[in-house]
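Attaching a single structure in structure tokens format; questions to follow.
A short reminder: the numbers here are calculations on the coordinates, not readings from a lab. None of the values given here were measured: they were computed from a predicted structure. With ideal geometry, Cβ positions are generated from the backbone for all residues, glycine too; neighbour counts draw on all protein chains shown.
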Amino acid sequence: MIAVLTVDQRGSQSGPDLVPGALTLLNDPSHGPVERPFERTAGDEIQGILSEGRAIVNRIALLLRDDAWNIGLGLGSIELPLPGSTRAGRGEAFVLARTAVNRAKQQSSRISVVGSKPYAAEQIETVAWLWAGVLTRRSSRGWEVADLLSGGLTHAEAAVRLGISQSAVSQRAQAAGLVEADRAAALLAELIDTALERGPKENT
């Protein structure tokens, strides 16, 4: 089992081409490993092959924050050995990802998950929708606080950096749903790992 993430840009005919910038972000190794790098497959579409839940979740978060993409996640088998290029890949996961991205165009959350295990895929999709709802409602100030805290700063340090009080940082973090989003992301990564038969990660 493996994951194929297929995304396409919304409104690309009336706006700038966002694919080059997205490829740089999605292929940044700091977001976790990929089995094969993300590539432009056709027009405004991007596709990558992944096998770790957290790496998948991190990249979906980047796409949701950009608010410009239909996101399809396919979970299934793939022909081995893996080709050198994502575009050359074949197998069930690619077909499922294509179905998912087409479904995503009809979803308010702009994200859909289709897998060879339908019930598991539905669970993953449900959590993804709820998580996406938190992220897409987050304001620019909320993202500013989220970035600082996820980067390792304490509330007090973030307050100094932003020139506001520590209580204001806490209020922004609460309004941004930081705790809820972090827990949902962790659950989503675990569900994906389980569906990919990797098994849940033990907290250390």
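Please report, largest first and rounded to whole Å, the three semi-axes of the ellipsoid equivalent to the chain, where each semi-axis is the square root of five times an eigenvalue of the C-alpha gyration tensor.
Values: eigenvalues 179, 73, 49 Å².
With the √(5λ) rule applied to the chain, the semi-axes are 30, 19, 16 Å.
Given charges of +1 on the Cβ of Lys and Arg and -1 on the Cβ of Asp and Glu, with all other atoms neutral, how large is the dipole of region 36-117 about its Cα centre, in debye to the nearest 20? Intermediate results must be reported in sequence, preceding the final value.
Details: 12 positive and 8 negative charges, 24 e Å.
Once rounded to the nearest 20, the dipole reads 120 debye.
While we're here: Under 16 Å from the 7 Å Cα→Cβ point of A88, by amide nitrogen: which residues of region 14-36?
35-36
Percent relative contact order of region 2-115, based on C-alpha pairs within less than 8 angstrom and at least six residues apart? If you can, show how the numbers build up before the last one.
Details: 228 pairs, mean separation 35.0, N = 114.
Worked out over region 2-115, it gives 31 percent.
Same structure again: Can you tell me the order of 11-20, 151-160, 168-177, 41-50 when each peptide is scored by its average per-residue count of other Cβ atoms within 10 angstrom, highest first? Before the final figure, lay out each step's value.
Details: 11-20: 11.6, 151-160: 14.3, 168-177: 17.7, 41-50: 20.0.
For the peptides 11-20, 151-160, 168-177, 41-50, the packing ranking is 41-50, 168-177, 151-160, 11-20.
For helix 53-66, what angle does its Cα long axis make with the longest principal axis of the chain, in degrees from 0 to 90 and rounded to 10?
Helix 53-66 sits at roughly 70 degrees to that axis.
Want the number for A175 to R40: 0.36 nm per residue separation, take away the alpha-carbon distance, what's left? List each step's numbers first, then the result.
Values: separation 135, 0.36 × 135 = 48.60 nm, distance 3.58 nm.
Once the chain is fully extended between A175 and R40, it gains 45.0 nm.
What does DSSP give for the chain in terms of the percent of beta bridges that are antiparallel, rounded to the nearest 5? Each step should come with its number before you reach the end.
On the way: 18 of 23 bridges.
Once the DSSP bridges in the chain are tallied, antiparallel ones form about 80 percent.
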